[in-house]
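> Just passing along the structure, written as C-alpha cells.
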Amino acid sequence: MSFRRLWSTPKAMGDVNMVTEELKNLYYKRLLPVEKYYSFHHFHSPSYEDADFDNKPMVLVMGQYSTGKTTFIRYLIEQDFLGSRVGPEPTTDCFTALMYGEVEGIIPGNALTMDPKKPFRNLDPFGNSFLNRFQCVQMPNQILESISIIDTPGILTAAKRKLSRGYDFAAVLRWFAERVDRIILLFDAHKLEFSDELTRAFGALCGYEDKLRVVLNKADRVDSQHLMRVYGALMWSLGKVFQTPEILRVYVGSFWSEPRQMCDHYQLIELEEEDLLADIRNLPRNAAVRKLNDLVKRARLVRAHAHIISYLKQEMPTIFCRESKKHNLIYQLPVIFNKIQQQHRVPAGDFPDCTKMQEKLLGQDFSKFKKLKPSLMASLDKLLSTDIAKLVPYIQQQEQRKRSLHGVLDGEFLRTFKPEHYKRDPFKEPPIDEGSELDFDEWVVEKYKPKYDEIFYNLSPTEGKLSGTKVKEWMTKTLLPNSVLAHIWRLSDVDGDGMLDDEEFALAVHLIEEKVEGHWLPRELPPHLVPPSKRLSEASDVSV
C-alpha cells in the first residue's frame, strides 16, 4: 500500500443534511406525540432535541485508569487539549467533550446544559454532582470539524471500589452510549482487571454492542506469548459479560504517535491500527445511517412501551384493591411481555429490560396511564413501515456521491497545531521583522544533507530518485506508526510524483528525526522547509 492512499477517505458531512432534516421532521410529527402520550421519558431516555439530530458524530473513549484514553485522543487529533493530563492513576477525573470552536476555551457543565446548540441539555437531571465533573473543551482542530470526542474518567479498579463518585456513573455512560456513534473501550495489555464498576459499565453498554470497539492497548510493551494469553483472557471475560454468541472485535495496538518498541507482532499492530482508524474515519459518511438506525430502534421501543402501559391500564380495577393489583401486575410483568408479543406481534427484542421496567413501575401511578390510542399507533406504524423506507434510497444516492468525492489524505487525522498552537515546533516559519525580507536561500535542512545523502545513495536510487517502495522499507525501520510516516511522505513528496529525489528524501529524514525527538509535525509544509529546487518550480508556476 502506498503512503498516499493510507489515509484517503471521502469527507461528506454536508451530504447528510437532507436526510437529517427529514428524520427530525418525522420524529416531531410521528414519534414525539406517542412518547408524550405514554410518558416514555419517565421510564426511558428524554425526548430528542434539534441538537441531537444536528450534532456531529461523537466518539466515546472509556476504560480503566492508565489504559491510555487521553493519549489515544491526543494521538487522533495530534494536539494537547486544555485540562488533559497523562500519567499514572488517577489523572482524568471528569467527562470532557472535545468539540470544534474557533476560539480555544472551556465551557463548564452547568452552562453547557443551557446551550440549545449542544446535544447535552438532557444531562441536567444528573445534578450538580455530575455537572461539576463535566466540561466541554472547544478548539480549532480540523478533526473536530467532522467529529466530537468524549473523554471519560477512568473506571475504578477493585482496590478503589468503595469510593463513591457522587453520581450514577453507569447511567451517565448509558446516556452517552445511546447518542454516540462509536464507543472505544481500552484495556492495558500489562494489567487486565475486571472490577465491579467495570462490570456495571458493561451493563450500561448492553444493547449498543454494535457501536463498541475494544482496544487492547500498549501491545508493543509485551512479548507475543504474553499478548496471546492476555488476548484470550480478555475475549473470555467479554464473552461472559455480554453473553452473546457473537464475538466482539478486539483491536491489538499501541495508539500513540511516538516510536513503538520492536516486537514479533509489530506488523499486526500496524494492520490493526489501520483498521481502527479506517473505522473512525468513516463515521462522518455513515452519520445519516446511524441516526436513522437509532430512530428506528427508539420507535420500536416506544411501540413496545405503549402496549405495556395500555395493558397495565386496562388490567387495573376502577376503585378497589388498586395497590395490591399494581404489585401483582408488576410481579407478572414477564408474563405480560409474552402476552403482548403474541397479541400484537411485537418482537421480543423490542421490549425493555424487564427488571429495570419493574423498578420504574413501582413509583408510578397506574391510574394516570393511558389506553391505546388508534390514531397515534397508526401514525407510529406508518413511520416504521413507510416513512423510514422512503429515506433509504436517498441515503444510497448519497453513498454513491460520496465515492466520487476527493479523498481526504492522512492530514485529516494527523493534523497538528495550527500556526498559533505550535508547541516547541522546529518547523515553524521564523518570524519576519517589519521592513525586512526572509532569506529563503538558506534551507534549514542543508547543514544535515551530507549525512542524509549517504543514506539516500545507499538505497540505490534510479535516475536520481527513490521509489515509494524503497522509501517505505527504510522508513518503517524508525518504528514510527504508519499513519505518522504517511503524513511525512505527503509533506516530503513536494512535486507529487510518487518518488523522492535527494532533497525530498533529506526533508523526509529531517521530519522523522524531529518527530522522534517529540516535536509535532506541521499540517502543511512551511515555505522555509520547501527544498530550494522546488521553490524555483513553484515560483515559475505562479508567474505563468
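The values are calculated or read from the model by the stated rules, or taken from the named source; none is laboratory data. As the structure is a computational prediction, the values presented were derived from the model and not from experiment. With ideal geometry, Cβ positions are generated from the backbone for all residues, glycine too; neighbour counts draw on all protein chains shown. Side chains included, ligands, DNA and RNA excluded: accessible areas come from the protein's heavy atoms. Shrake-Rupley method; radii C 1.70, N 1.55, O 1.52, S 1.80 Å.
> Could you rank the peptides 112-118, 69-75, 43-49, 200-206 by their average count of other C-beta atoms within 10 Å per residue, with the highest value first? Walk me through the numbers on the way to the answer.
Numbers: 112-118: 14.1, 69-75: 21.9, 43-49: 17.0, 200-206: 18.6.
Averaged packing, sorted descending, gives the order 69-75, 200-206, 43-49, 112-118.
> Right, here's the next one. Please list 3J(HN,Hα) in residue order for the range 224-234, calculated via the Karplus relation 6.51 cos²θ - 1.76 cosθ + 1.60 where θ = phi - 60°; whole Hz, with x for glycine and proline.
Values, residue by residue: 5, 5, 5, 4, 4, 5, 5, 4, x, 5, 5 Hz.
> Related question: With a 1.4 Å probe and all protein chains kept in place, how much accessible area does Tyr37 have, in Å² rounded to the nearest 10?
Looks like 70 Å² after rounding.
> Also, I was wondering about something else. Among the listed pairs Lys29/Lys56; Lys69/Lys472; Lys24/Lys382, which are separated by more than 18 Å between their Cα atoms?
Details: Lys29/Lys56 23 Å; Lys69/Lys472 29 Å; Lys24/Lys382 16 Å.
Table pairs above 18 Å Cα-Cα are Lys29/Lys56; Lys69/Lys472.
> Amide H of Met58 versus every other amide H placed in the peptide plane: which residues, excluding those fewer than 5 positions away on the same chain, fall under 5 Å?
For Met58, the qualifying residues are Ser148, Asp181, Arg182.
> What residues have an amide H closer than 5 Å to that of Val252, excluding those fewer than 5 places away on the same chain, when H is modeled at 1.01 Å from N in the peptide plane?
Counting only residues 5 or more places away or on other chains, the set is Leu216.
> How far apart, in nm, are the 7 Å Cα→Cβ label points at Tyr331 and Lys477?
With each label placed 7 Å out from Cα toward Cβ, I get 7.7 nm.
> Tell me the per residue accessible area of the range 171-288 using a 1.4 Å probe; a whole number in Å² is fine.
On the way: 4800 Å² over 118 residues.
With all protein chains present, the range 171-288 gives 41 Å² per residue.
> List, in order, the whole-Hz ³J(HN,Hα) value for each residue of the range 305-320 obtained from phi through the Karplus relation with A = 6.51, B = -1.76, C = 1.60 and θ = phi - 60°; use x for Gly and Pro.
Residue by residue, the range 305-320 yields 4, 4, 5, 5, 4, 5, 5, 4, 4, 5, 7, 6, x, 6, 10, 8 Hz.
> I've got another one for you. Order Trp474, Trp520, most accessible first, counting only protein heavy atoms with a 1.4 angstrom probe. If you can, show how the numbers build up before the last one.
Numbers: Trp474 50, Trp520 20 Å².
Output order, biggest surface exposure first: Trp474, Trp520.
> Among residues other than Asp275 whose Cβ falls under 12 Å from its Cβ, what is the net charge (Lys/Arg +1, Asp/Glu -1)?
Values: positive: Arg213, Arg249, Arg281; negative: Glu270, Glu272, Glu273, Glu274, Asp279.
Net of charged neighbours comes to -2.
> Ok, one more. In Å, the Kirkwood hydrodynamic radius of the range 134-229 over pairs of distinct alpha carbons?
Details: mean 1/r = 0.0645 Å⁻¹.
So the Kirkwood estimate lands at 15.5 Å.
> Another question, then. How compact and how long is the range 256-357, expressed as Rg and Dmax of its alpha-carbon atoms in Å?
24.2, 76
> A follow-up question, please. What does the charge add up to near Leu216, with Lys and Arg as +1, Asp and Glu as -1, over the other residues with Cβ less than 10 Å from its Cβ?
On the way: positive: Lys218; negative: Asp188, Glu272.
Charge balance near Leu216 sits at -1.
> Also, quick follow-up: In debye, nearest 20, what is the charge dipole magnitude of the range 260-320 about its Cα centre with +1 on Lys and Arg Cβ and -1 on Asp and Glu Cβ, if you could check? Spell out each step's value before the answer.
Working: 10 positive and 9 negative charges, 159 e Å.
Computed charge dipole of the range 260-320: roughly 760 debye.
> Under 5 Å between amide H atoms, partner at least 5 residues away or on a different chain: which partners does Gly63 have, H built in plane at 1.01 Å?
Ile155, Leu186
> What net charge is computed for the residues neighbouring Trp175, neighbours being all others with C-beta under 12 Å from the C-beta of Trp175, Lys and Arg scored +1, Asp and Glu -1? Spell out each step's value before the answer.
Numbers: positive: Arg121, Arg174, Arg179; negative: Asp52, Asp124, Asp168, Glu178.
My count for the surroundings of Trp175 gives -1.
> To continue, here is another question. Once you place label points 7 Å from the Cα toward the Cβ at Asn110 and His226, how far apart are they in nm?
The modelled label-to-label distance comes out at 4.7 nm.
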